[in-house]
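Since the structure comes first, as structure tokens, the remarks are kept for the end.
The values are calculated or read from the model by the stated rules, or taken from the named source; none is laboratory data. None of the values given here were measured: they were computed from a predicted structure. Note that we place each Cβ from the backbone using ideal geometry, even for glycine, and neighbour counts take in every protein chain shown.
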């Protein structure tokens, strides 16, 4: 619809995840109306991220050094590894303040329809970490969808014969939710994951 630089910008913004054509157009016009200094700060931040941010050589989380802050933290338990799909999942778990172990970021989930198999994920690196013998429990915190469940099942099948305790994050009803609005799968998981009342 738009030619030249503006059209190119809208097209590039539309390639970002979660940005549809209308959002891309809104963002492009916002940038067009912004002060040059604001656009330069955004450009600089994008360039710095591409130049400086990489993945932790141990866990796969994002970092600006060889190891992320969590892997360098001596207060974190070496006996617990929480397996997640993406670095953003580490942030979500860290915000709870409930987990004091280490992480392992797979870089996705098994998805045959998209051509993503176990060899495309950081599973080999996880197995190397587990063979060091410090880990006692592996917590599978993959997404509660078809791909996440398939990935968790695959990992459990690989790891359980090695003698590790393998657990899966509980899933079920959100706090403040009403039973009448819960779907059957969520309600079923809430029943199967029920626990004793203290």
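Quick notes
- The residue that is surrounded by the most Cβ atoms within 10 Å (Cβ to Cβ), among those in the stretch 156-169 that are assigned to a loop (DSSP other than H, G, I, E, B) and over 17 Å from the mean Cα position of the chain (by Cα), is 164.
- Filtered residue count, the stretch 72-92, keeping only those that are farther than 17 Å from residue 49 by Cβ and surrounded by fewer than 17 Cβ atoms within 10 Å (Cβ to Cβ): 9
- Some residue of the stretch 113-121 being in contact with a strand residue (DSSP E or B) (Cβ under 9 Å, 6 or more places away or on another chain), touching a residue at least 24 places away in the same chain (Cβ under 8 Å) and within 21 Å of residue 88 (Cα to Cα): no
- Unique residue being under 18 Å from the mean Cα position of the chain (by Cα), within 22 Å of residue 89 (Cα to Cα) and either assigned to a helix (DSSP H, G or I) or in contact (Cβ under 8 Å) with a residue 24 or more places away in the chain (or both) when the list is 135, 153: 153
- Selection from the stretch 135-145 of residues that are farther than 11 Å from residue 83 by Cα, out of contact with any helix residue (DSSP H, G or I) (no Cβ under 8 Å at 6 or more places or on another chain) and at pLDDT 90 or above: 136
- Residue 126 in a helix (DSSP H, G or I) and either under 17 Å from the mean Cα position of the chain (by Cα) or exposed (fewer than 15 other Cβ atoms within 10 Å of the Cβ) (or both): yes
- Scanning the stretch 1-16 for residues that are surrounded by 12 or more Cβ atoms within 10 Å (Cβ to Cβ) and outside any helix (DSSP H, G or I) returns a single hit, 2.
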